[in-house]
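Below: one structure, written as structure tokens.
The values are calculated or read from the model by the stated rules, or taken from the named source; none is laboratory data. Given the structure is predicted, the values throughout are model-derived calculations rather than measurements. Cβ sites come from the backbone with ideal geometry, for glycine too, and all protein chains shown count toward neighbours. Remember, those area values only see protein heavy atoms, side chains included, never the ligands or the DNA or RNA. Shrake-Rupley method; radii C 1.70, N 1.55, O 1.52, S 1.80 Å.
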Amino acid sequence: MAPSKCTPNLDLRSSTVLQQVIRRLNDALLASVNRKGYFKALSHQLRRLFPYDRLAINLYDSDIEVLTYFTSAEGVVVETQSIVRHAGPKTVAGLVITSREPIVIRDLTSHFPNESDNPLAEAGLNVSIAFPLIIRDKVIGTLHCSFRQEPPKLMEIVDFIASLSPFVSSGVDNILGHERIAVLESGPLGGTPAPPPDMVEGPVFESDAMKAIMRQIRRVAPLEVPILIQGETGTGKTMIARYIHDRSRRAKHNFVKVNCPALVTTLFESELFGHGKGAFTGATSQRVGRIEMANKGTLFLDEIGELHMDLQSKLLQVLEENSFERVGESFSIKADIRLIAATNIDIHKSLKEGRLRTDLYYRLATMIITIPPLRERREDIPVLTKRISGILSSQMRVPDISFSMSIMSLLQEYSWPGNIRELRNIISRLLIANVQHPLTLQDVRSMLIAAAEKQGQESGAFLTLRQMEKQYIEEALALAKGRISGPDSAAGLLGIPRTTLQYRMRKLGIQTNRDA
């Protein structure tokens, strides 16, 4: 791409200039929702305002603290920077993510004296400014602008990009959402519009339990009845809610999610009902609430069991009257919505303890769908693993993993207390390990042992490291019919030397009737 010419005499402090850039970025999104088009528009607009030598956007996975490029950087190529890398505290991105504030580094060489920590300086860049991209209070990435020499009015540039970055965050989040949906649309259930981007498992299943649930979902999806989805954290309740919406008569209208635990009591009405201009200090314009956004579509109340009792009564009133008033206005607005709610708590216990209103429960629970945990549908693990790995490897731009039967069996044996969300996290880590060296059975086992130990420390309900290691060795010995070494031996299955296996057996008190 030919470099854009810098337009002289544009005042970066002018709100008019900022609004022009925002409008042109929005136009780029409307024209085509894709990474390259949006980044090209951003780089063009910034280069019109000031010269720079490199512009880049990183995406951040907070679960595994890993950065990947949003798309190819504009300008100077940094050869020594991996496309997948850890967001460590010694990196510019790591500093931004930790502080959640813009970072200005006027001398990269002095700031990072260790050459290996400073790939930008190796490429001839000496000044770098970086900004967090934050959506819903979560850092989803970082925006970087770097220079060979410090430009004039550097701090004006910093202030301008800091004001622009929330809009860039929104654009990036929009594109990622569209991408993930597009990938999932070609799944086993045909051209089904897919779940939200954070639920990469999609409607993938093989177990009888999930087949029964999907049959139930297909029956109730076209009906105009409220639905309550129950299930442990990470089982895919949001994905199921989205799937129901996409199979309903309301599929062409909005699916609006409300995270109930995040609703602050003082802002509940404004968030859900919206507010009129001048309704309170700072309300400089009218705001459309979540219910109005969901008109003719679906309102999804996630973790409804965590909603404060006072807020439950206000919500119930809206559901009974099918209308609401914006804060600061005195006229009613009709609410034509399909209601779906979800919870990971014991509903009957909450009702008994008075934490959930009985009348609200009966209003929500015309139909109840209970999603089983992953440990109760282990047949789904292979298809979910392959699907998630394929999607994540594409997003992270790393080679996909070719899972062996032994690795897949190991994944099926694990209890998955965090369900599909934990499976996604483990696969992300395995993909990173696979970049460093070919994935082995021992890599997977070590990761699962560490996960089980962490879960055991947090809840006391899972195996300790010693218990899980002993279990794996005993299972390997059983599969090998007691053989410790040689073809098809326990040592071979575990991927460790015979001497190491014998040492671990002595330490763990494991005996076998067969010799090596």
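Quick look at the values:
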read-out: Linear extension gain, S330 paired with H308, 0.36 nm per residue minus alpha-carbon span; value: 5.4 nm
read-out: Cα gyration tensor, the range 368-453 - rounded (a/c under 1.5), prolate or oblate; value: prolate
read-out: The range 155-169 versus the range 400-427: alpha-carbon centroid distance in Å; value: 41 Å
read-out: In order through the range 298-314: 3J(HN,Hα) via Karplus (6.51 cos²θ - 1.76 cosθ + 1.60), integer Hz, x for Gly, Pro; value: 10, 9, 10, 9, 7, 6, 4, x, 8, 6, 4, 4, 4, 6, 4, 5, 5
read-out: Length-normalised contact order for the chain - Cα pairs under 8 Å, 6+ apart - percent; value: 11 percent
read-out: Spacing of the two label points (7 Å from each Cα toward its C-beta) at S14 and L508, in nm; value: 7.1 nm
read-out: Estimated distance in nm for a label pair at R106 and S323, the labels positioned 7 Å out from Cα along Cα-to-Cβ; value: 6.3 nm
read-out: Expected 222 nm ellipticity per residue - DSSP helices of 4 or more, -39500 (n - 2.57), all of the chain, to 500; value: -14000 deg cm²/dmol
read-out: Sequence of D246, D400 when ordered by accessible area, the most exposed leading, probe 1.4 angstrom; value: D400, D246
read-out: Extension gain (nm, one decimal) between E65 and M214, 0.36 nm per residue minus Cα-Cα; value: 50.2 nm
read-out: Sulfur and carbon atoms: percent of accessible area, the chain [1.4 Å]; value: 50 percent
read-out: Residues of the range 49-79 with amide N under 16 Å of the 7 Å Cα→Cβ point at N114; value: none
read-out: Karplus 3J(HN,Hα) series, Hz, for the range 428-443 with 6.51 cos²θ - 1.76 cosθ + 1.60 (x for Gly, Pro); value: 4, 5, 5, 5, 5, 4, 5, 5, 6, 6, x, 5, 10, 4, 5, 4
read-out: Net lengthening on full extension, S32/K277 (0.36 nm per residue, minus Cα-Cα); value: 84.9 nm
read-out: Prolate/oblate/rounded label for the chain (Cα gyration tensor, a/c 1.5); value: oblate
